[in-house]
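Asker: Would you mind keeping the following structure in view while I ask a few things?
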Amino acid sequence: MFELTNGVSYNSYLNKDEKNVLCDSVDAAFTRRYIENVKAAHNGEDLDYLIVEHMEPGHCRNIDFCLKECPNAKFVGNATTFKFYEQFYNDELKDRYVEVKDGDEVNIGKRNLKFVFTPMVHWPEVMMTYETTEGLLFSADAFGAFNVIEGHADAKNVIHKVDWLYQAIRY
């Protein structure tokens, strides 16, 4: 439907603290690599929470795989997240749900995660996660754009404002 000559980036983040928290997952095309990366990143430690900020397949397709690999992890989302999950997949993970409401916070050690609902940023269930200690925002799709950062961790090295703006508008 959309030509993606330079691909698309996925924004899945691991927050390591007293509790390990993963924000979002990726598209089904990258399941094996994603699970390998998650395992390597938390280096054998338990994953405590998987936060799903958006139920579009590029964000949620690996929820079940991730939670099967990490049997102690809880599945964090809002009421609409779980409604969508059960419509798309099933409810076999229902006993692992942690439902959050707008403004709720979860302490993971030195850091606090605050959930900010942003419905219709893309879909009706979208929420962002704000890490209050360092002021980091995990923004779901709010600032999405097509294109990948070609092997660089620092976007200022590879994305020019004009290119990014055009791809953000397309997105």
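The values are calculated or read from the model by the stated rules, or taken from the named source; none is laboratory data. Please read all numbers here as calculations on a predicted model, not as lab measurements. Positions of Cβ are backbone-derived with ideal geometry, glycine not excepted, and every protein chain shown enters the neighbour counts. Heavy atoms of the whole protein, side chains included, go into the accessibility calculation; ligands, DNA and RNA do not. Shrake-Rupley method; radii C 1.70, N 1.55, O 1.52, S 1.80 Å.
Asker: Can you name the residue in segment 152-171 that is of a type in the set (Gly, Ala, Ser) and open to solvent by less than 80 Å² (accessible area, probe 1.4 Å) and, of all such residues, is modelled with the highest pLDDT? So that I can check it myself, show each step before the final result.
Answerer: If we filter segment 152-171 for residues that are of a type in the set (Gly, Ala, Ser), which is where we start, we get 153, 155, 168.
Now drop any that are not open to solvent by less than 80 Å² (accessible area, probe 1.4 Å), which leaves 155, 168.
Details: ALA155: 49, ALA168: 74.
Result: ALA168.
Asker: Among the residues of segment 18-48, count how many are open to solvent by less than 70 Å² (accessible area, probe 1.4 Å), at positive phi and free of Cβ contacts under 8 Å to residues at least 60 places away in the same chain.
Answerer: 0
Asker: Can you tell me how many residues within segment 128-137 are open to solvent by less than 70 Å² (accessible area, probe 1.4 Å) and part of a loop (DSSP other than H, G, I, E, B)?
Answerer: Initial filter on segment 128-137 (open to solvent by less than 70 Å² (accessible area, probe 1.4 Å)): 128-129, 131-132, 135.
Within this subset, residues satisfying the condition of being part of a loop (DSSP other than H, G, I, E, B) are 132, 135.
Looking only at that region, the number is 2.
Asker: While we're looking at this one, here's another question. Looking at segment 49-71, which of its residues are buried (at least 21 other Cβ atoms within 10 Å of the Cβ) and touching a residue at least 60 places away in the same chain (Cβ under 8 Å)?
Answerer: Result: ILE51, GLU53, HIS54, MET55, HIS59.
Asker: Take TYR97 and decide whether it is closer than 17 Å to PHE138 by Cβ, modelled with pLDDT of 95 or more, open to solvent by 30 Å² or more (accessible area, probe 1.4 Å) and of a type in the set (Phe, Trp, Tyr). If you could, list the steps in order and put the result at the bottom.
Answerer: Values: closer than 17 Å to PHE138 by Cβ: no; modelled with pLDDT of 95 or more: yes; open to solvent by 30 Å² or more (accessible area, probe 1.4 Å): yes; of a type in the set (Phe, Trp, Tyr): yes.
No; evaluated as a whole, the condition is false for this residue.
Asker: Give me the pairs, please: first residue somewhere in segment 139-151 and over 20 Å from CYS23 (Cβ atoms) and at pLDDT below 80, second residue anywhere and part of a loop (DSSP other than H, G, I, E, B) and open to solvent by less than 60 Å² (accessible area, probe 1.4 Å), beta-carbon distance under 6 Å, and either six or more positions apart or on two chains.
Answerer: GLU150/VAL158
Asker: What number of residues within segment 17-33 satisfy the criterion of being in a helix (DSSP H, G or I) and under 22 Å from LEU137 (Cβ atoms)?
Answerer: First pass over segment 17-33, keeping only residues in a helix (DSSP H, G or I): 28-33.
Pick out the ones that are also under 22 Å from LEU137 (Cβ atoms) and you get none.
Residues meeting the conditions: 0.
Asker: Within segment 37-46, can you find the residues that are touching a strand residue (DSSP E or B) at 6+ places or on another chain (Cβ under 8 Å) and either under 16 Å from GLY77 (Cα atoms) or among the small types (Gly, Ala, Ser) (or both)?
Answerer: Here is the first cut: in segment 37-46, the ones touching a strand residue (DSSP E or B) at 6+ places or on another chain (Cβ under 8 Å) are 38, 41-42.
The one that is touching a strand residue (DSSP E or B) at 6+ places or on another chain (Cβ under 8 Å) and either under 16 Å from GLY77 (Cα atoms) or among the small types (Gly, Ala, Ser) (or both): ALA41.
Asker: Scan segment 48-106 residue by residue and report those that are small (Gly, Ala, Ser) and more than 14 Å from the chain's Cα centre (by Cα). Don't jump to the end; show me each part of the working.
Answerer: Of segment 48-106, the ones small (Gly, Ala, Ser) are 58, 73, 77, 79, 103.
Correct list: ALA73, ALA79, GLY103.
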